[in-house]
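We did not get these values from a lab; they are worked out from the coordinates using the rules stated. All values reported here derive from a predicted model rather than from experimental measurement. Positions of Cβ are backbone-derived with ideal geometry, glycine not excepted, and every protein chain shown enters the neighbour counts.
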Amino acid sequence: MPTPAPVPSRDRLIDHLVRTRIAGVVATPRANSLDHYRKLAHGDRLHWLGVELGDRWRDEQDVLAVMAERCGVSDDPELRTGPDTIDPELTVAALERMAVSLRKAAETRRRVLLATGHPGGLLEVHRTTAAALRAAGCEIVAVPGGLRTEEGTVHQIAGVAVYERGATLWHTHSPGPMAAVLDALARAGRPLPDLVVADHGWAGCAAQRGIDAVGYADCNDPALFLAEAEGLLRVAVPLDDHVVDPRAYEPMTAYLLGAAGLSGA
């Protein structure tokens, strides 16, 4: 078992997030973010991440305003070049809100499902969270075996649901894998999760189905922030969801679990 990362102070975590570009000036191009906001507003469901947005966000300037408020991107629609930005203060504040949900889950020993559509970046974040919740007495929901969805299958690695195609873990925005898991649980007569900790379409689908959900999202993935703004998703944590070295997320995860009272679990 790896030695847990020490819990950083809030100021040290903010410095770390900026230095590793998890927040601050991030690798995501501003043009890419604006393109995704436009496609979401024009009804491209790939960018809805399983959230049924209807006609409520048809103005991309309204989407930009929410992203400026909740993620920290510039609210200037004329700024179209260069890297995008995520406010590290907003990242840490969202981690603290997520910690409240994790603490409540541990205190009441809830059933928790963890999942990631970004295994190259966030798998270890979710795995460490799953281990801490299990140690605190939570039931980590087991994904039914043999689940096929779209062109791949759903697997579970160290308590974290992932999407696989061709013996490779895939990056996916699709809500399909989460829908497959929830439908399979219902068919088997098994209880649904009390809490989902996820990202991308995994989080969006769970929230849309009325399950308490918290998740991580990049500045070019606005749907989860819109869902949070509408009260559908409990927390959306803004961050670059795939930095070059995934070990850079370790201090962030330690801070999250420390704030949730789970670092010693």
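Using the average count of surrounding beta-carbon atoms within 10 Å as a protection proxy, the listed peptides 159-167, 255-263 rank, highest first, as 255-263, 159-167. Based on C-alpha pairs under 8 angstrom that are at least 6 apart in sequence, the chain has a relative contact order of 27 percent. Note on Arg10 and Asp76: the model spin-label points, each 7 Å out from Cα along the C-beta direction, lie 2.9 nm apart. Exposure proxy shown here: for Thr149, Thr81, Thr108, the number of other Cβ atoms within 10 Å sets the order, fewest to most, as Thr81, Thr108, Thr149. Put a dot 7 Å past the Cα of Ala135, heading toward its Cβ, do the same for Ala68, and the two dots end up 4.3 nm apart.
Put simply, the Cα atoms of the chain extend 50, 40, 35 Å along their principal axes, the longest span coming first. For the pair region 195-211 / region 16-31, the C-alpha centres are spaced 25 Å from each other.
Hydrophobic, long helices, defined as DSSP H runs whose alpha-carbon span along the helix axis is 24 Å or greater and whose mean Kyte-Doolittle value is at least -0.5, occur in the chain at 88-107, 119-135.
May I ask you to order 173-182, 224-233 by the average number of other C-beta atoms within 10 Å around their residues, highest value first? Please list the in-between numbers first.
Details: 173-182: 23.4, 224-233: 21.1.
Order by mean packing, descending: 173-182, 224-233.
With +1 on each Lys and Arg Cβ and -1 on each Asp and Glu Cβ, and nothing else charged, work out how big the dipole of the chain is about its Cα centre, in Debye to the nearest 20.
Numbers: 27 positive and 35 negative charges, 214 e Å.
I would put it at about 1020 debye.
Inter-label distance, Arg247 to Asp44: 3.6 nm, where each label sits 7 Å from its Cα along the C-beta direction. The Rg/Rh ratio for region 153-250, using Cα coordinates for both the radius of gyration and the Kirkwood hydrodynamic radius, is 0.97. Using alpha carbon centroids, what distance separates region 224-265 and region 99-141, in Å? Region 224-265 and region 99-141 have Cα centres spaced 11 Å from each other.
Net charge within 13 Å of Arg134 by Cβ-Cβ distance, Lys/Arg positive one each and Asp/Glu negative one each, not counting Arg134 itself?
Details: positive: Arg109, Arg110, Arg111, Arg127; negative: Glu139.
Counting the neighbours of Arg134, the net charge comes to +3.
Once the Cβ-Cβ distance of Ala186 and Glu151 is raised to the sixth power relative to R0 = 25 Å, the FRET efficiency obtained is 0.60.
Return the FRET efficiency for the residue pair Thr168, Arg209: r is the Cβ-Cβ distance, R0 is 35 Å, and the value is rounded to the nearest 0.05. If you can, show how the numbers build up before the last one.
Details: r = 28 Å, r/R0 = 0.79.
Taking R0 as 35 Å, the efficiency between Thr168 and Arg209 is 0.80.
Using the Cβ atoms and a cut-off under 12 Å, what net charge is assigned to the surroundings of Arg209, where Lys and Arg are +1 and Asp and Glu are -1? Local net charge: -3.
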